[in-house]
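The values are calculated or read from the model by the stated rules, or taken from the named source; none is laboratory data. These numbers were taken from a predicted model, which means no experiment stands behind them. All Cβ positions, even for glycine, are placed from backbone atoms using ideal geometry, and neighbour counts span all protein chains on display.
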Amino acid sequence: MMSRSLAIIDRLAALHPKGYDLTLTRILRLLDALGNPQRRLPPVFHVAGTNGKGSTVAFLRAILEAAGLRVHTDTSPHLVSYNERYRLATGPGASAFVDDARFADALARAEVANGAEPITLFELLTAAGFLLFAETPADVVLLEVGLGGRFDSTNVIDDPLVSVITSISLDHQAFLGDTVEKIAFEKAGIVKAGRPVVLSPNLDSVRAVFEAVARDVKAGPLKVGGQDFTAYEEQGRLVFQDEDGLLDLPLPRLPGRHQIQNAGTAIAAVRASGLDVSTAAIETGLETVDWPARLQRLTHGAVVAAAPQGAEVWLDGGHNPGAGEVVASAMADLEERLARPLFLVTGMLSTKDPAGFFTPFKGLVRHVFTVPIPQSEAAWAPEALAEAARAAGLSAQAVDGPMEAMRLLGEGWQYERAPRVLICGSLYLAGDVLALNGTPPR
């Protein structure tokens, strides 16, 4: 049976335009009709970036909740259910996905306030989230940008506690520009006068864009990764250092070298915020952080059961060339620790660059199975995606879906050791797999 919130979302999606139409005019009109809930929020960490922003938000939530704070979180897209986008504080150090009755009520109020005016579904969802956050007590809101920054519908926060920008690379070029510098300028739209800014380590040209924007808008101090703070692995520990000193911390629970930088960015943002967060809370946050479909090891469920006996099954929703680089690097690290033949099961949206995603895997992957994405009208056809993988130098074939790929792995291949299987290329595919596996986010 369809939930009440999903019924409303389906109706709104049918009534209003799909895709992106970047402007703040419509969201500001709707929020004004709702009494401007965005002005009644707890202090906001506003987070933008091409890759890593979701992981950085996950680190922030884990650290701040470990410190006993009440934390609301807004992330997108969801994996299995729209309710995943909104975590509401349930008490000190605790939160849960919004329950369907409250979510449906907020959506219905946003729909009524909007009337027949043109608006996008993401704008309606953003407004509903602001209602939920404004009407539920909390100490902090973690607000992830949907697309870009300057004209993203979350960018109605005039006075963030901290603006946080993660790694910048090419993605959504049709909307944000065809160079990393143009994309950086759009992301820099969340930088606000008098408020601190934390920037992950990035290319010099990207850093220069943020330095110029921070200077122009008279932002608070700009903390630049690799310059004002550093985070690196040393002897199995995470070492974080800034002008306030050095922290010797456990490695983050999330696998992959890129998560060292995301954790460092989150720690720098916490320190820039002025909140009272102990080193013990940072340690606990790093050890307890959870972020599904980002190099997530699946250990049980229907998909795992269908894999060859003893196989490792990993899931990642990264979908652009920058994500391909960090995920391939993580797979290479696993290969060094324990060699296994690596297979990809990949589906991608047609707006993405498959050659850029596949290229870092050359020489690392034995074979690629390309699959459709059932929930998307704009996915690469599996055969076209397989051809893109072959053009990038990989062996590839199109199959009906992840379960068919698992069956073929068990029947048609010989291994010196049980394989390592990475299901990747799209958060939509990752959500389908989590649902199919029976392990949705909690």
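Can you find, within the stretch 403-412, the residue that is surrounded by the most Cβ atoms within 10 Å (Cβ to Cβ) among those that are free of Cβ contacts under 8 Å to residues at least 40 places away in the same chain and more than 17 Å from N437 (Cα to Cα)? Per the criteria, the residue is L408. For the stretch 206-225, give me each residue that is among the charged types (D, E, K, R) and either surrounded by 13 or more Cβ atoms within 10 Å (Cβ to Cβ) or within 25 Å of the chain's Cα centre (by Cα) (or both). R207, E211, K223 - these are the residues of the stretch 206-225 that are among the charged types (D, E, K, R) and either surrounded by 13 or more Cβ atoms within 10 Å (Cβ to Cβ) or within 25 Å of the chain's Cα centre (by Cα) (or both). Restricted to strands (runs of 3 or more DSSP E) entirely inside the stretch 150-259, those with at least 1 residues that are at positive phi are 245-250. Of the residues L203, L161, L147, L143, only one is crowded, with 24+ Cβ neighbours inside 10 Å and either in contact with a helix residue (DSSP H, G or I) (Cβ under 7 Å, 6 or more places away or on another chain) or modelled with pLDDT of 95 or more (or both); which? That would be L143, the only listed residue that is crowded, with 24+ Cβ neighbours inside 10 Å and either in contact with a helix residue (DSSP H, G or I) (Cβ under 7 Å, 6 or more places away or on another chain) or modelled with pLDDT of 95 or more (or both). From the list F97, F45, F59, F103, the lone residue that is at pLDDT 95 or above, touching an Asp or Glu at 6+ places or on another chain (Cβ under 6 Å) and buried (at least 18 other Cβ atoms within 10 Å of the Cβ) is F97. Taken over the stretch 105-152, the criterion of being over 17 Å from the mean Cα position of the chain (by Cα), of a type in the set (S, T, Y) and closer than 24 Å to L60 by Cα is satisfied by T136 alone. Of all residues in the stretch 212-225, those satisfying the criterion of being of a type outside the set (K, R) and modelled with pLDDT of 95 or more are A212, V213, A214, D216, V217, A219, P221, L222, V224, G225.
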